[in-house]
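The values are calculated or read from the model by the stated rules, or taken from the named source; none is laboratory data. All figures in this text were calculated on a predicted structure; none of them were measured in a lab. Cβ atoms come from the backbone with ideal geometry, glycine included; neighbour counts cover every protein chain shown.
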Amino acid sequence: MMAPALGLPDLTKPFELFVHERQHLALGVLAQRLGSWKRPVGYFSKQLDTVSKGWPGCLCAEAATVLLIQEARKLTMGQKIVVYVPHMVITVLEQKGGHWLSPSRMLKYQVVLLEQDDVELKTTAIVNPAMFLSTENPTEKLEHDCLLTIEQVYSSRPDLTDEPLKDPDLELFTDGSSFVQEGRRMAGYAVVTTDKVLESGTLPANTSAQKAELVALKQALRMAEGKRVNIQTDSN
């Protein structure tokens, strides 16, 4: 099967842009109505940047949408673009964007998605660009809830809390450090209770202070397996 031949953009008509993100690739079809069917006038395939590749899938779609809108504008020349994307990009940006995006990137996405008169966003259940060209109803109901998906994947530990537990089985304190003494770098960690040292040890000389803190926390969690525990640490 071959993709349809591209037509020439008609700047007197609005454009329709279908966006999909797959394996950190932003894929898109830019089309215009020709009679009763959609004629493609542009195909897009762009790699997401390194930062956005580490985001949840629904936020990767956010990055793909912004990237392809910018690419499409090279052809649309200010004409209206109706953008179809299989994610709730506005809701995700407003409710989850602040947890993952830097302030400068957040501002950029808001400008592209919310503050441009030539862009209209619509949600679609279609995830295959070929289906976009053949369907008459691209705004079918989504098969997933973006916010719920992010919560389930990245907040999947309801047993963890930043508030101390009442009547825990254990109360542990952890510390890790890395320092230079007499010209030599040294590192170590410790896990203690209020009255005794449960475990302590040295770490390789190239261990950073942050890694030493993580080692201490890991050992404390190992000791507390299957128990209710409060773990106090001086590091975020």
Elements of type helices (runs of 4 or more DSSP H) in the range 1-112, at least 3 residues being touching a residue at least 40 places away in the same chain (Cβ under 8 Å) and closer than 21 Å to THR124 by Cβ: 57-76, 89-100
Selected residue (criterion: surrounded by the fewest Cβ atoms within 10 Å (Cβ to Cβ)) from residues of the range 177-214 that are of a type in the set (Lys, Arg) and farther than 17 Å from ASP234 by Cβ: LYS196
Enumeration of residues in the range 215-236 that are assigned to a strand (DSSP E or B) and exposed (fewer than 14 other Cβ atoms within 10 Å of the Cβ): GLN232
Residue list for the range 177-206, restricted to those being modelled with pLDDT under 90 and assigned to a loop (DSSP other than H, G, I, E, B): GLU182, GLY183, ALA205, ASN206
